[in-house]
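One structure is given below, encoded as C-alpha cells.
What follows is calculated from the coordinates using simple rules that are stated; it is not laboratory data. The shown structure was predicted, so the numbers you read here are calculated from the model rather than taken from an experiment. Quick reminder, even Gly has a Cβ in these numbers, built from the backbone with ideal geometry, and neighbours come from all protein chains shown.
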There are 2 protein chains.
Amino acid sequence: MATQAAFLVKFPQLALSAQPSRGQSWVAVAAGKVAAPRGVRCRAGGLIEPDGGRLMELVAPEQGGRRAALRREAAALPHRVRLGRVETEWVHVLSEGWASPLRGFMRESEFLQALHFNAVRGDDGKLVNMSVPIVLAVDDAQRRAIEASGATRVALVDDHDRPVAVLSDIEIYKHNKEERIARTWGTIARGLPYVEEAIANSGDWLIGGDLEVIEPIKYNDGLDQYRLSPAQLREEFTRRNADAVFAFQLRNPVHNGHALLMTDTRRRLLEMGYKNPVLLLHPLGGFTKADDVPLSVRMKQHEKVLEEGVLNPESTVVAIFPSPMHYAGPTEVQWHAKARINAGANFYIVGRDPAGMSHPIEKRDLYDADHGKKVLSMAPGLERLNILPFKVAAYDTKQNKMNFFDPSRKDDFLFISGTKMRSLAKNRESPPDGFMCPGGWKVLVEYYDSLTPPEGSSKLREAVAA
Amino acid sequence: MATQAAFLVKFPQLALSAQPSRGQSWVAVAAGKVAAPRGVRCRAGGLIEPDGGRLMELVAPEQGGRRAALRREAAALPHRVRLGRVETEWVHVLSEGWASPLRGFMRESEFLQALHFNAVRGDDGKLVNMSVPIVLAVDDAQRRAIEASGATRVALVDDHDRPVAVLSDIEIYKHNKEERIARTWGTIARGLPYVEEAIANSGDWLIGGDLEVIEPIKYNDGLDQYRLSPAQLREEFTRRNADAVFAFQLRNPVHNGHALLMTDTRRRLLEMGYKNPVLLLHPLGGFTKADDVPLSVRMKQHEKVLEEGVLNPESTVVAIFPSPMHYAGPTEVQWHAKARINAGANFYIVGRDPAGMSHPIEKRDLYDADHGKKVLSMAPGLERLNILPFKVAAYDTKQNKMNFFDPSRKDDFLFISGTKMRSLAKNRESPPDGFMCPGGWKVLVEYYDSLTPPEGSSKLREAVAA
C-alpha cells in the first residue's frame, strides 16, 4: 500500500546529479539565489527569500497592547466563526507565514487560482506556488447574518468560544465542494480522509479575509518546543551558518534507509562546494488519517534516532510542520515544498508517491507513484527550489544494513513491505539488524502494543490546539 | 439553462474600461505588444505573436514529394491507431497550429502540466496557456504490441483505414480517466457530453508524439471554405491592415444583442486609437452536444446576419474554429482564448458562463457564471491577451431593439429565456421586432421545423472529416 510507502524499506536512493534542476550551476544557486528576505518582520537573513519577498507573520505583536485590544474586539464582534481542529491548524499555518504571501484564508480569487493553476499571482504579477485551497467554510445562516449586517470583520473562536483571531476585509463566496474536491484530489470518491474530516460536513460558503491572530497557537501536548515557525527556523539556520538547507518531510518513523538518504545528501552537497548544508527533518504534525502513526509516537521515535547517533544533531534540525494532511498526491506535494521555501529550505527531497495513498474505493494507488516528482519539478512558482528526487533502496542482506538498491545484485536486497513491518512491530518481533536503531524500534513496538482495541477499530487521539 | 445562455436575450454588455487588463496602456498594447511572429512557416506578420514564437503547422508541404512519401510510410507502418471523429478534429486543430507550441498529441509531461497548471512550460522556460488535454488514447493490446516491437512511429488512420498522419518519437503513458475528468471538469458526474463521446470508452493508455499530417483535413460538407487556419486568418487580417483583432466565439445563432456587442466593441477600440479593429466571428465547429444547434444551421444563420447588414462585412471575418467542445467552463474558456492568440487575435470577448452547461445530474449550472471570466483574467500564459468581459443586456421594449441593460429603467427590459426562444422558433412564432434579423430567424425556424422526431430523441448528424 502506498500509504505505508515511506514507512518501508522500499525507499528511494538519492539521485542527485552534478547539475541542479533547470540548468542552474550549483555555484549560482549558492551565490546568486540566496538573497536576504525583505520582510520587515522576517528576522533571519542569508537564506532563500520567502515567497512574495517577506514572511507573513500574522500574530499580533507582544508589545504595545495589540493582543489585549484584539481580544477585546474579538469578544465584542457580533459574528463568530468556530474553528474545528483542521481550521485551527490552518490558522496556525497562516499565522506563521508557511503560506506566504497569503495574508489569511483565501478569497475567491486566490481560491480559483489555487484550484485551476496551483499558483497565485502576487502583487508584483509574479506567480508563487499555492496548490491546496486554504479556506474557511461558513453555513448559509452565518452567511446571511454576516451579509445582512454588512460586517467586514468576524471573530474566529475555538471550541470553548474563546477568541483566537479576527478575520477582516472579509469576502464570502460559494463553496462548490464537488469542484473543490475534484480539482484538488483528481477524484471525488468517498473516503478521502481530509474530505471526510474537513469538507463533507462543512458549510456551503467560504469566508476569506486578512487574518490577525491574538497569540501564537499552542497545543500543550509536550511537543510545542518542536513547533518552530519559519522565522524561528530561519534564525536557527542562520545561527548554524547554514549555506544550504535541505528539507525532508516524513509522516512515518525514520528508519536507517531514510537516515542513509539524508546523510548521503549532505555528503553530496558538501562535495558540490557547500560548506555547511543543514538538514531540516520536518515531520508533518497536523491532521493525519487514523491509521498513520500518531505524531507523539513519531516524535519520540525521531528523538531516539538522534540520541543514538543515526543522524548527526550538529547538522540536523528536527521540527514539526504544522499543516494538516490532504493526501492529495501531486497537488499536495507542491504545498509541502512551497511551505519549506518560506522556512528557508532551498533543497527539497521528494520520494516515491509523495502525499499519496490508496484509492479509497478501487484497488490501486490513487496517484501514479512518479507523478508527484514530475509535477513538482514542473510546478509554476517553485523554480527557485532545487528538487531532489530519490530512488528505491532496500535492506542489503550481504552487508546487513540499509543500502541504496543496486540492480546488478538485486537478489541481495530485501524489500520489507509496510504490512510486514507493522506486523513485526505488533508481534514484538525484530526487523533485520540495521533496519532501524533499537531505541526507535522499541518506541514503535510499544506504540502498537498500546493499541487496544485492535488497530482500525477506533480513531487515535491526537493533540488539539489548546 | 446555462447551455442555452448565449442563445438568449440574456446576453452581456461589453464592460470595456478605459484601461486594458493588467495595467498596460492601450497605446502600449498597440505599439509594443504586436510583434511579428518568428516562425519560419508563419506567413502573416504585424499581429500578436503565436504562443512559443511560431505557429506549429504540421501538414506535410505540398512541394517536394513529402506527402507521397509520408503516405507510403504510413501505409507500411506496422502499427495503426484509428481516429474517431473527435480525434480527427484534434488532428485538424494540431495540424494548423491552434495549439502552438504543441507539436502533436501530448506526451505525459504536457498532459500533467495541462491537468495541474493549465499551462505548459516552453523550451524557453516560459509558460504558455494550455488548459485542456489534447491526447490520443490506445488500448492495452495496442500498447503492448507497440511497446513489444520497439516502434517509435505509428500511423494514424481514418475509419476507412486510410492514412491521415504519422506520430513519431512516441511516448505511451497511463490514461487515468477519473483523474483526467476530475481535473478538467471539476466533476466526474456521468453525462458530460465530451466524456461520453471521447473518453468513457477510450483506451487506458495515451500515446503522445510529434505529428506530421499527410494533407490538410477537409470535411467536404460545404463549409470547408470557412475553415481558415491560423496562418490563413493572419494573412487575412494583414491583408485588411488590421491593427487590432477581437475574437468572439459562439456556438449559437447570432442575435442582434450579440451584434450590438460586437459593433460596440469596434467603436470603443476606434475611440481608443486603433485605426482598423477587425472582428473575428468564430463559431466553434467541432463536436457539440446533441441539443446544440448544428454547425451547418449556425453558419447559414451567420451568413444571413452578414447579408442583411447586421454586422459589417468590411470589418468582420467569419470563420470556423475546428475544435471539439468540452463544456469544461473555466478550464475550457482558456483554451478558446489561447487558440485565438495563435490566429492573431489580441482581444478576446468573454461572456457569461463561457463553455458552461447544466450539471449533468444536479439541478444547477455546472460552473459559477462568473468563474470563466475570472479564471481567464488570471490565467498563466494569457498575459498578452486583452480580456473583454461583457455584461447582461436584453430586449429594450421602449426602443424596440436589443440594448445594453440599464438598471435605472429595468422594467423596460425583456429577458427572453432560451427555452422561450426555442419554443418560439419551434412554433413558428416571431420574437419581438429587432431581436434577430428576419433571414436569420427564418433559418432557425426552418431548422426546428425539420426536426422529426422531436428534439432530444435522437442525435443530430454533424459533418465528419472525409
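In nanometres, what is the gap between the two model label sites at residue B:314 and residue A:363, each 7 Å from Cα along Cα-to-Cβ?
7.2 nm
Under unit Cβ charges (Lys, Arg +1; Asp, Glu -1), what dipole magnitude, rounded to 20 debye, does the protein assembly as shown have relative to its Cα centre?
Roughly 980 debye, rounded to the nearest 20.
Considering the convex hull of the alpha carbon atoms of the stretch B:44-138, report its projected area averaged over all viewing directions, in nm², one decimal.
7.8 nm²
So for the stretch A:96-171, what are the equivalent ellipsoid semi-axes in whole Å, largest first, each being the square root of 5 times an eigenvalue of the Cα gyration tensor?
26, 15, 12
What spacing in nm lies between the two simple spin-label points modelled at residue A:224 and residue A:449, each 7 Å away from Cα in the Cβ direction?
3.1 nm
Once amide H atoms are built 1.01 Å from N in the peptide plane, which residues 5 or more positions from residue A:278, or in another chain, come under 5 Å H to H?
For residue A:278, whose amide H was placed from the backbone, the distant partners under 5 Å are A:243, A:244, A:245, A:246.
Please state, to two decimals, what the Cα-based radius of gyration of the stretch B:66-213 comes to when divided by 2.2 N^0.38 Å (N = residues).
That ratio works out to 1.03.
Over the Cα atoms of the stretch A:224-451, each weighted equally, I'd like the Debye log10 I(q)/I(0) at q = 0.08, 0.10 Å⁻¹, rounded to two decimals.
Those come out to -0.29, -0.46, one per q.
Defining a contact as two alpha carbons under 8 Å apart and six or more residues distant in sequence, what relative contact order in percent does chain B show?
Taking the mean separation of contacting Cα pairs over the length of chain B, I get 23 percent.
Where in the stretch A:208-237 is the amide nitrogen less than 20 Å from a point lying 7 Å along the Cα-to-Cβ axis of residue A:149?
Taking a point 7 Å out along Cα→Cβ of residue A:149, the residues of the stretch A:208-237 whose backbone N falls under 20 Å are A:208-214.
Measuring label to label, 7 Å along Cα→Cβ, what does residue A:140 give against each other copy in nm, shortest first?
Here the equivalent label points are 4.6 nm apart from this one.
Evaluate the Debye formula for chain A with equal point scatterers sitting on the alpha carbons, no solvent, and hand back log10 of I(q)/I(0) at q = 0.06, 0.07, 0.08, 0.09 Å⁻¹, in q order, two decimals.
Reported log10 I(q)/I(0), two decimals: -0.25, -0.35, -0.46, -0.58.
Within 10 Å of each Cβ in peptide B:175-182, how many partner chain Cβ atoms are there on average? Round it to a whole number, please.
5
For the stretch A:266-400, give the share of DSSP beta bridges that are antiparallel, in percent and rounded to the nearest 5; count only bridges with both residues there.
So the antiparallel bridges amount to about 10 percent of the total.
Counting only residues 5 or more places away or on other chains, whose amide H sits under 5 Å from the amide H of residue B:157 once H atoms are built in the peptide plane?
Those qualifying (amide H under 5 Å, at least 5 residues apart or on another chain) are B:81, B:82, B:83, B:164.
How far, in whole Å, is the nearest Cβ of chain B from the axis relating it by rotation to chain A, and which residue carries it?
Checking which Cβ lies nearest the axis yields B:182, 2.
Please list the non-local residues whose amide H lies under 5 Å from the amide H of residue B:394, H modeled 1.01 Å from N, same-chain partners needing a gap of 5 or more.
Amide H neighbours of residue B:394: B:403, B:405.
Taking the Cα atoms only, what angle lies between the long axis of helix B:329-342 and the longest principal axis of chain B, rounded to 10 degrees?
For helix B:329-342, the angle is close to 80 degrees.
Taking a label point 7 Å out from Cα toward Cβ, give me the nm distances from residue A:360 to the same spot in the other copies, shortest first, one decimal.
2.1
Please report, for residue A:264, the nm distances (one decimal) from its label point, 7 Å out from Cα along the beta-carbon direction, to the equivalent points in the remaining copies, shortest first.
Computed spacing set for this position: 6.6 nm.
Contour minus end-to-end for residue B:169 and residue B:76, with contour as 0.36 nm per residue of separation and end-to-end as the Cα-Cα distance?
31.8 nm is the gain from fully extending residue B:169 to residue B:76.
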